[in-house]
Structure formats: structure tokens, C-alpha cells
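Data first, discussion second: the structure below is written as C-alpha cells.
The values are calculated or read from the model by the stated rules, or taken from the named source; none is laboratory data. Note that the structure is predicted; figures quoted are calculated from it, not measured. Please note: Cβ atoms are built from the backbone with ideal geometry, for glycine as well, and neighbour counts cover all protein chains shown.
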Amino acid sequence: MDRRATIAMLMGQTTEKKAQVQDLFAPTPPVAGLEPYTGTWGYDQAAHLLRRATFGATQVQIKNYAGQSLKTTLDDLFKTQPLPAPPINYDGTDDVVPVGSTWINAVYLLDANKQISNMGYRDRSLRAWITELLLDTSTVSLREKMTLFWHNHFSVNGIADPKFFYTYIDTLRKNALGNFRDLVKKITVDPTMLIFLNGNQNSSAAPNENYARELLELFTIGKGPLAGPGDYTNYTETDIKEIARAMTGWRDTGYRSTDPAVAVGSAFRAASHDTKTKTLSARFDKKVISNNLDKEYADVVDIIFTKDEVARFISRKLYRYFVFYQITTDVETNVIQPMAQLLVKNNYDIAPALRALLSSAHFFDAQNLGLIIQNPIEFSLGAIRQFGWNIPTDTLGKYRTLYSLFLTIAPQQMVYFAPPDVAGWKAYYQTPVFNRIWINVTTLIARMKYTDALAFNSLNLNGVKLYLDVLGFISKLDDPGNPVAMIKDMTKAVLPQPLADGQYAYLKDVLLKGAPDYEWTNAYLAYLAKPDDKTARQGVEVKLRNLVKALLNMPEYFLG
């Protein structure tokens, strides 16, 4: 696939492609609202929902849910899952944590040079652990997709303590589909956030406004159009100053600590708290905040959440994450407004509003199919989830391989635990390009190198050659011995849009190189008859890997 053509395709769909997509769910008419979807439920609809709600569904999962119902699929996606076991000591280099045990509450040790000796592997362990969670296909759940959503929303980076990062991401995961207001309160005094936005330096003697500013601008209500000097429609500079005063006195504890008596957490220091009355602007009805010591931050959050714009603000962010970045006047009226009303009605519980969005006529409108450019994490891990892969089963080998995979994604310009700034990844807010920012000459080459290596067993992960299980993948298709049917079923499982006839012909030529169909059929039957025969296996597998390479390089594969 020509890289220039790929960039052109991803930076703006053609009219012909949109028309092709629009036909996919025919005869369902175009719809635009949050009203429940009542059209056909089948393979295409199940694939669309699972593609947006997870990091890549397997074809078995798609088939399974296609044979059930939208309600059943949503029930499973929103079902409360057991929390994952925490990351562990995998390499035996920690004198205080046995191999196989978790380090999340274990003390740090100093070496002879007074440097922490057991932090490096914990950092690697954390990243390997999160990669394994993102790759997990044992359940169908929204939780990890929503955890990443909140990680982007409540963005932190640059905290040099994996125990702090674990505490932070654990809070997001536990509250991923819970109450938005409660999550804001938890994040406000989260030790990682206290460090990142200088809340741990906020005192009555020297109020620090960093967190108060981002709480309003990025986390809850948004600025709105500039109404006047220091007045952003939804709040004012006065509100920032008064809220900063209300949040004085909080400190993180346990950062890089070698003291076993000091745990990771946060603590309120009354002596540093501003006990004087704080008065908000007319944007918050001139509410007065009286001294309430360690509960005063929660009072602030409650006041902010009296404004319905908070519900509209977070609804827009959810829409851009799960549907499309462009919010038209019609979308604002017919989708965002009713979502916001549901949030307010349900006391800011996220699940009812998000479920309404993912089960809406608007979500399943054919015009919303395959419009999102997958972020690098979705793109890179999706292929592995869809096709299956080899990974060492021993703890040391598994963690090392997962950490190496984590590093391999970085050249595509997205790293978990390292969003570029407090606003998160630019693809979710930078107008007018939004998610098209994921694709440029550098990242496109990185994506294609990655998928080419996946297809041909040449992705070296710390000595482990990762390969996609292409034979296992096609074995689950309805008619893998028929090259035409096999290609159609394969593309249907991994692409969000149907291909044009010429594209199917191109893929068939990649597979057969001009040979008649029966040559594939005969080769595949020969392999089935003797699956342990190296020659028979390679005769099929090499052809398949060429096909998968071509498929993963298609512009359509970049979309979700």
C-alpha cells in the first residue's frame, strides 16, 4: 500500500467511501438521536460496538454476540468484573518482595550510593502489567477502555514512583463506570495528582492555583467563550483563586519512601489550610465556602456540579472518544443534550448515559462507522487480540516480553502513563485535526513497520520473536479452504468497513499471485491432512502472512 495514498485516505475520506459506508446497514435509515437503536442486530453491528468498546474483539467474540442481542452485549460490557491482581516482582532482584508477590505496598531500598535499588524493575513491571490487561480477551468489558479514557481526562505524567502511578490508575479503574462527581473528589486528593499539579505545595501562605485552574478548565466544566477580562463564561479568575484557597493543606505521603511506616497516600495538614471564608463569582451564584477543613475540597466539587454544563462537558468528551470528534449543532441537540440530562438525572453516574450512547440509533448510524483513526495502543494491540499470539508462559519471560511490547508502541507517539501534558493526548482535543493527528509520515512508517514485523515473525521482544497465529485465526472461519470466502470473512472480522471489489481482488492476488483458486484449496487441505508436516504448513502459512501484511497495511485497518 502506497504511504501517500494511505495518508490521504486517513486525513479525509472521499465521497465514494462515505457512500459505501452508508450502505452497510441498509435499509436502516440515517438517524441522529440518542433514542434506542431498533435496527438489525448481527455481525456488523456487534463488530462495531465491540471495536469501539474494547481494544479489539476476536472473531469468536463477534460471532457469539452477533447471535445474541444488543442488550446482552451491553450487559456484558457493563458488568462489574473482579479487579485484576496487582503487578509483581518477576525477576528476583528485590530483596523485600519475593518473586511472584506484589510490590505495590513494599518499601524502597537504598544501595551503597544512597540510590533506590529496587525501583527500576517495578517501573518495568507496572508497564508490562498494564500491557497484559489491555491484551486480555478472556472477558468482554468496557473497564480498560474507560480506564484509558479517564487517564487521558485526568492526565498525569512524569511521576518517578511506580507505586504512585499504580495507586492513581487503580483509582481510575475502580471508578471507571461509576460516579463522575465522586471520581473528581478522589482525584483531587490523589497523591499522584497532588504532585503533578502542585497541590502538595498549596498552602494558606502561598496558594497554588494549578490544580484549581485545571479542575475547572479540563476536568469538570470547561472554559466556554471568553465573556470578559478574567471571565470564561463558565467560571472566572476569581473562582480559580478562591477554589485554590479552599484546597490548601493537602500533601502526598510515601513518595519514593524508604520508611516502611509511611504508605503511599495523601494527608491533610490543618496548619497549612486557609480557614478564611471563600466567595465564588456569579458564575457559581456567589456561593460562600466556609471553613470545613479536610472536607472543604469536596464542598468545592459539589458546588461545581450544581452546574449542568459539567454534564454537557463530559458528555462531549465521551462522544469524541466513542463516536467521532466532530460535534455538529445537530449532535449537540440530539445526542449531547439528552446524554447530559441522563447524567444529571442519575446523579452523575456515568454508566446510564454511556450505555444510552452505545445503544443509540446515532451510534449505529452507518455514517458513524469506521470514522475514528485508532490510537496507537488500539492499533498495536488490536491485531494481537484479533489474531492471537505466542507469549512465554513463565513469569520472567512473560513480563519481559510484555514490557518490550510496551516500548515497541512508543514510536507511534502514544505511551501509557505518559500523556504529553495536562490536557492529555492532542488527538482528543486539538481542533480541527483531532484524531487525524495520530497519522503523519513518521507515525505511519512506525505503524507499518510494526504490522509488517507482526505478520512475518520478526517483531523481536527481548529475544522472543512475536508472531500472529494466522493459521489459528483462519481455522475459526466458516470456509478457510475457499480463498474468496476466507478473504471476505477475514476482512469482515478485522476491518470496520467493507472493501471495494478491486480491494478484494488485490488481496486475493497477494494470496495466490495469479494462481487459480484451487491451488489454495489444495494447499490448505494438504496442511489439514498433515498439520505437523513442515513443508505443508509453510506452504500455507507464508501465503497467509503475505495476505495479513497487506491487510494490516490498508488504510481501512487504521480505522475503528
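A few points about this structure:
- When Leu24 is tested against (1) out of contact with any helix residue (DSSP H, G or I) (no Cβ under 7 Å at 6 or more places or on another chain); (2) under 25 Å from Gln497 (Cα atoms); (3) modelled with pLDDT under 95, just one condition goes unmet, and that condition is (1).
- Close contacts from segment 163-180, counting a first residue that is farther than 23 Å from Asn89 by Cβ and a second that is small (Gly, Ala, Ser) and at pLDDT 95 or above, with Cβ to Cβ under 6 Å and a gap of 6+ residues or different chains, come to Leu177/Ala351.
- Filtered residues of segment 164-183 (kept if more than 19 Å from Lys345 (Cα to Cα) and of a type in the set (Phe, Trp, Tyr)): Phe164, Phe165, Tyr166, Tyr168
- Residues of segment 81-94 satisfying the condition of being part of a loop (DSSP other than H, G, I, E, B) and on the phi < 0 side of the Ramachandran plot: Gln81, Pro82, Leu83, Pro84, Ala85, Pro86, Pro87, Asn89, Tyr90, Asp91, Thr93, Asp94
- Checked against (1) in the same structural domain as Ile169 (by TED's automatic domain parsing); (2) part of a loop (DSSP other than H, G, I, E, B); (3) aliphatic (A, V, I, L, M), Val97 passes all but a single condition, namely (1).
- Val540 being farther than 22 Å from Tyr450 by Cα, touching a Leu at 6+ places or on another chain (Cβ under 8 Å), part of a helix (DSSP H, G or I) and in contact (Cβ under 8 Å) with a residue 60 or more places away in the chain: yes
- Some residue of segment 168-188 being modelled with pLDDT of 95 or more and more than 22 Å from Leu318 (Cα to Cα): no
- Those helices (runs of 4 or more DSSP H) lying entirely in segment 275-383 with at least 2 residues among the acidic types (Asp, Glu): 296-304
- Screening Met486 on (1) surrounded by fewer than 18 Cβ atoms within 10 Å (Cβ to Cβ); (2) within 28 Å of Ala366 (Cβ to Cβ) shows it passes everything except condition (1).
- The condition of being of a type in the set (Gly, Ala, Ser) and crowded, with 22+ Cβ neighbours inside 10 Å holds for only one of Ala227, Ala160, Ala212, Ala206, that being Ala212.
- Hits in segment 131-147 - residues which are aliphatic (A, V, I, L, M), buried (at least 21 other Cβ atoms within 10 Å of the Cβ) and assigned to a helix (DSSP H, G or I): Leu134, Met146
- Residue in segment 61-70 that is under 26 Å from the mean Cα position of the chain (by Cα), in contact (Cβ under 8 Å) with a residue 60 or more places away in the chain and under 17 Å from Leu134 (Cα atoms) present: yes
- Of the residues contained in segment 490-502, one or more are found to be surrounded by fewer than 16 Cβ atoms within 10 Å (Cβ to Cβ), free of Cβ contacts under 8 Å to residues at least 40 places away in the same chain and within 30 Å of Trp438 (Cα to Cα).
To keep it simple, each residue is scored yes or no on (1) surrounded by fewer than 19 Cβ atoms within 10 Å (Cβ to Cβ); (2) charged (D, E, K, R); (3) within 15 Å of Phe180 (Cα to Cα).
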{"position": "Lys276", "(1), (2), (3)": "yes, yes, no"}
{"position": "Lys286", "(1), (2), (3)": "yes, yes, no"}
{"position": "Val301", "(1), (2), (3)": "no, no, yes"}
{"position": "Phe313", "(1), (2), (3)": "no, no, yes"}
{"position": "Phe322", "(1), (2), (3)": "no, no, no"}
{"position": "Tyr325", "(1), (2), (3)": "no, no, no"}
{"position": "Thr328", "(1), (2), (3)": "yes, no, no"}
{"position": "Leu343", "(1), (2), (3)": "no, no, yes"}
{"position": "Asn347", "(1), (2), (3)": "yes, no, yes"}
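- Matching residues, segment 402-429, being in a helix (DSSP H, G or I) and touching a Ser or Thr at 6+ places or on another chain (Cβ under 9 Å): Leu402, Tyr403, Leu405, Phe406, Thr408, Ile409, Pro411, Gln412
- Positions within segment 61-80 being among the basic types (Lys, Arg) and assigned to a helix (DSSP H, G or I), in sequence order: Lys63, Lys71
- Matching option when the condition is under 19 Å from the mean Cα position of the chain (by Cα) and either in the same structural domain as Ala244 (by TED's automatic domain parsing) or at pLDDT below 95 (or both), among Leu318, Leu381, Leu369, Leu280: Leu369
So that you can scan it fast, the table gives a plain yes or no per residue for (1) in the same structural domain as Leu559 (by TED's automatic domain parsing); (2) out of contact with any Leu (no Cβ under 8 Å at 6 or more places or on another chain):
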| residue | (1), (2) |
| --- | --- |
| Tyr43 | yes, yes |
| His48 | yes, no |
| Arg51 | yes, yes |
| Ala106 | no, yes |
| Tyr121 | no, yes |
| Ala128 | no, no |
| Leu134 | no, no |
| His151 | no, no |
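- Scanning segment 430-452 for residues that are among the hydrophobic types (A, V, I, L, M, F, W, C), touching a residue at least 24 places away in the same chain (Cβ under 8 Å) and not in a loop (DSSP other than H, G, I, E, B) yields Phe434, Trp438, Val441, Leu444, Ile445, Ala446, Met448.
- Set Trp438, Trp425: member being over 13 Å from Ser380 (Cα atoms) and surrounded by 18 or more Cβ atoms within 10 Å (Cβ to Cβ): Trp425
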